[in-house]
Amino acid sequence: MSGVRPWQSNASPVSPAAGSIMRVCWLVSKDGRHQPIRLAHAVCVMIGRSPETKITDKKCSRHQVQLKADYNKGYVLVKQLGINPSYVNSEDLRRDQEVKLKPGQDLYVVNRLYPYTIRFEEGTSDRDTLSPKRTHEEICPNSSSKMSNKHLKTEDSNPRQYHTFNSKSEEKKEKTKDGHLAENSSNSVTLVNSSDASGQKDFKGMWSQGLKVSMQDPKMQVYKDDKVVVIKDKYPKARFHWLVLPWESLSNLKVVRRDHLTLLQHMHQVGQKLVQECLDTDTLKFRLGYHAIPSMSHIHLHVISQDFDSPCLKTKKHWNSFNTDYFLESEDVMKMVEQNGKVTVKDGIAELLKLPLMCHVCQQQQSTIPQLKQHLKKHLS
């Protein structure tokens, strides 16, 4: 097992400024049953009887304790959930009782058995500033040009592998047994390592929270400051496709108010800077905007080139989400917030995703995505 990638809650994460130290918290099995489990900031993770912890004791519930790390204060909040007692050092916990677990203290999952401790580590990110001008070779996804993609290339075409364990053997185990759980601030619990019986509904809930994990991953970060972080889209819909996300917890445009205008303006400015530093700006156009009804939780500004040359663009929904009024221009969003104090989305806007495929350059209708992509090559040449 290589650790857990749990889901980020809606609590505000640690907001590292450029060049700052980034903390990591590990849950360490003192008897060496498995490798350390990473506890992300403000993420609720369930620990108990499971293939990942290798605890098979029937007296230990599958959801024995809930752990939530606080990177700012340097401790993990432990909440007793199981019937049989857990212990922090010599203190036994009552059901629903919460206790702070600090470095140097021991957590016994059940009946003074299965000891764990926590360890906070620090390290710097190597992507704290925007790099110089980016070439097409550096950021282009695998497309017909077959160029390498340093900033946007995905590790795998299977989205599930980003949200479970890395180990293939663990992926096989999840088909028959339950694993860890994560909980967001709205108290809805979704499986991190789920069985097939949990169904696609649970997986969709996990996937929608994926941005909150990616924005904390130094490997995904292209730029960050004290207000925002820029990450590469895991499934880019064009040669250049970034997401600008605020550190502040904002689920979507519905919660945006006039107080957030300065933040939206900063997000827009960062997006513009990305475009300016792209070497292909002489040949490619860019748009900055938001999806009216985003599929991913946590507000994010798309910065996307208009070539739409990407193997990840596969469906009519993909195309229409960027080439109809479903895509809200960043400047229009800022204007709405400034004038009305909120963002208004038209009723029935989701129906735009079902419109026929129309070329965004010449407005010629195409029957299928492959035909559309072939047609777009005329405009790119």
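The values are calculated or read from the model by the stated rules, or taken from the named source; none is laboratory data. What you see is a predicted model, and the numbers here were worked out from it, not measured in a lab. Here Cβ is always computed from backbone atoms with ideal geometry, including for glycine, and neighbour counts include all displayed protein chains. Calculation scope for accessible area: heavy atoms of the full protein, side chains included, ligands and nucleic acids excluded. Shrake-Rupley method; radii C 1.70, N 1.55, O 1.52, S 1.80 Å.
Data for the structure
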{"item": "Among (1) of a type outside the set (D, E); (2) surrounded by fewer than 18 Cβ atoms within 10 Å (Cβ to Cβ); (3) more than 23 Å from the chain's Cα centre (by Cα), the one test that P311 misses", "result": "(3)"}
{"item": "Residue match in segment 252-266 (condition: open to solvent by 20 Å² or more (accessible area, probe 1.4 Å) and touching a strand residue (DSSP E or B) at 6+ places or on another chain (Cβ under 7 Å))", "result": "yes"}
{"item": "Candidates N72, N84, filtered to the one that is surrounded by fewer than 22 Cβ atoms within 10 Å (Cβ to Cβ), within 27 Å of the chain's Cα centre (by Cα) and not acidic (D, E)", "result": "N72"}
{"item": "Long-range neighbours under 7 Å by Cβ, at least six apart or interchain, first residue within 15 Å of L376 (Cβ to Cβ) within segment 288-312, second among the aromatic types (F, W, Y) and assigned to a loop (DSSP other than H, G, I, E, B)", "result": "I304/F240; S305/F240; C312/Y235"}
{"item": "Single unsatisfied condition, H260 versus (1) within 20 Å of the chain's Cα centre (by Cα); (2) closer than 15 Å to M336 by Cβ; (3) modelled with pLDDT of 95 or more; (4) not acidic (D, E)", "result": "(1)"}
{"item": "Residue in segment 73-82 that is of a type in the set (A, V, I, L, M) and not in a strand (DSSP E or B) present", "result": "yes"}
{"item": "In segment 20-59, the residues that are open to solvent by less than 10 Å² (accessible area, probe 1.4 Å), at pLDDT 90 or above and in a loop (DSSP other than H, G, I, E, B)", "result": "G48, T53"}
{"item": "In segment 322-343, residue farthest from Q276 (Cα to Cα) [restricted to those that are open to solvent by 10 Å² or more (accessible area, probe 1.4 Å) and polar (S, T, N, Q)]", "result": "N340"}
